[in-house]
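A.B. asks: Once you've had a glance at the structure underneath, I'll fire off some questions.
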Amino acid sequence: DGVLAWLPLPGERISIVWSTPEAHAAELLALSGEALAERVAQAGGEALGQLTPLTPASAFALRLIRVERTVAPRVALIGDAAHGIHPLSGHGINLGFQDACALAGQLAAAPEWQDIGGERLLARYRRARKEETVLMQTATHMLHQLFHETLPGVEVLRNAGMSLTNRLPWLKNLFVRYAVGAL
C-alpha cells in the first residue's frame with residue numbers, strides 16, 4: 001500500500017502522509033473521513049488506537065523538486081521555498097529551521113558596513129546549506145523509490161534493512177540526531 005508516515009503535532013495530534021500509488025490514493029480519497037481514519041489505524045497495526053479525522057483528506061503528486069537558485073540579490077529562499085523534501089521522512093520542517101538558523105547566522109556575523117542583501121553574503125548561506133539539502137533530498141527520494149520498487153527480492157531486502165535499523169538503537173538515534181541537526 002505504500003509508506004504510511006505519522007508526523008507528530010502538538011496536542012496529541014498527528015499529520016498523516018500516506019505515499020501510495022495513484023489508484024490506491026483514489027480509493028482512499030473516496031472513503032468518508034471516519035472510514036479513512038479506520039483504514040489508517042488498521043494499516044498502522046492499531047498502534048495509536050482509534051483515530052479521529054480533523055480535516056478532510058487531500059492528495060497531491062510527489063516528485064523531487066530542486067530549485068535552480070536559492071539566492072539572488074536581496075532574496076534568500078528557505079524551507080519549502082528552497083527545497084522540496086519527500087514528506088515520508090518528516091524532515092522538511094527540520095531543514096527549514098536549519099535554513100533559517102544558517103541565514104540568521106550569516107546575517108548576524110556580517111560586519112555593520114556590509115550590505116546583508118548582497119549576493120556575496122547570501123551566496124555563503126547558499127553554499128552552507130546546499131550539501132545537507134541535496135543529501136536529504138537524495139536520501140528521501142531514494143527511500144521513496146525503494147518503497148515503490150517492484151523488482152523481485154527488493155521488498156525483502158528493504159524490510160530487512162528497515163527492521164535492522166529499528167532494532168539498533170545507536171543507528172536509529174544517529175539518523176534522528178542527524179535529521180534534527182544535532183550532529
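The values are calculated or read from the model by the stated rules, or taken from the named source; none is laboratory data. From a predicted model like this one, the values you see are computed outputs, not experimental measurements. Here the Cβ positions follow ideal geometry from the backbone for every residue, glycine too, while neighbour counts run over all protein chains shown. Remember, those area values only see protein heavy atoms, side chains included, never the ligands or the DNA or RNA. Shrake-Rupley method; radii C 1.70, N 1.55, O 1.52, S 1.80 Å.
A.B. asks: From the list E22, E46, E68, which residue is surrounded by fewer than 16 Cβ atoms within 10 Å (Cβ to Cβ), of a type outside the set (S, T, N, Q), under 20 Å from H144 (Cβ atoms) and under 24 Å from the mean Cα position of the chain (by Cα)? Steps first, answer last, please.
C.D. replies: Numbers: E46 fails: under 20 Å from H144 (Cβ atoms); E68 fails: under 20 Å from H144 (Cβ atoms).
So the residue among E22, E46, E68 that is surrounded by fewer than 16 Cβ atoms within 10 Å (Cβ to Cβ), of a type outside the set (S, T, N, Q), under 20 Å from H144 (Cβ atoms) and under 24 Å from the mean Cα position of the chain (by Cα) is E22.
A.B. asks: In the list A35, A47, A57, which residue meets the criterion of being outside any helix (DSSP H, G or I), without any contact (Cβ under 8 Å) to a residue 12 or more places away in the chain and among the aliphatic types (A, V, I, L, M)?
C.D. replies: Values: A35 fails: outside any helix (DSSP H, G or I); A57 fails: without any contact (Cβ under 8 Å) to a residue 12 or more places away in the chain.
Of the residues listed, the single one that is outside any helix (DSSP H, G or I), without any contact (Cβ under 8 Å) to a residue 12 or more places away in the chain and among the aliphatic types (A, V, I, L, M) is A47.
A.B. asks: Being farther than 23 Å from L7 by Cβ, open to solvent by less than 40 Å² (accessible area, probe 1.4 Å) and in a helix (DSSP H, G or I) narrows it down to one of A104, A160, A123, so name that one.
C.D. replies: Residue meeting the stated conditions: A123.
A.B. asks: Give me the pairs, please: first residue somewhere in region 105-132 and among the aromatic types (F, W, Y), second residue anywhere and open to solvent by 50 Å² or more (accessible area, probe 1.4 Å), beta-carbon distance under 9 Å, and either six or more positions apart or on two chains.
C.D. replies: Pairs that qualify, where the first residue is among the aromatic types (F, W, Y) and the partner is open to solvent by 50 Å² or more (accessible area, probe 1.4 Å), are Y125/I78; Y125/L107.
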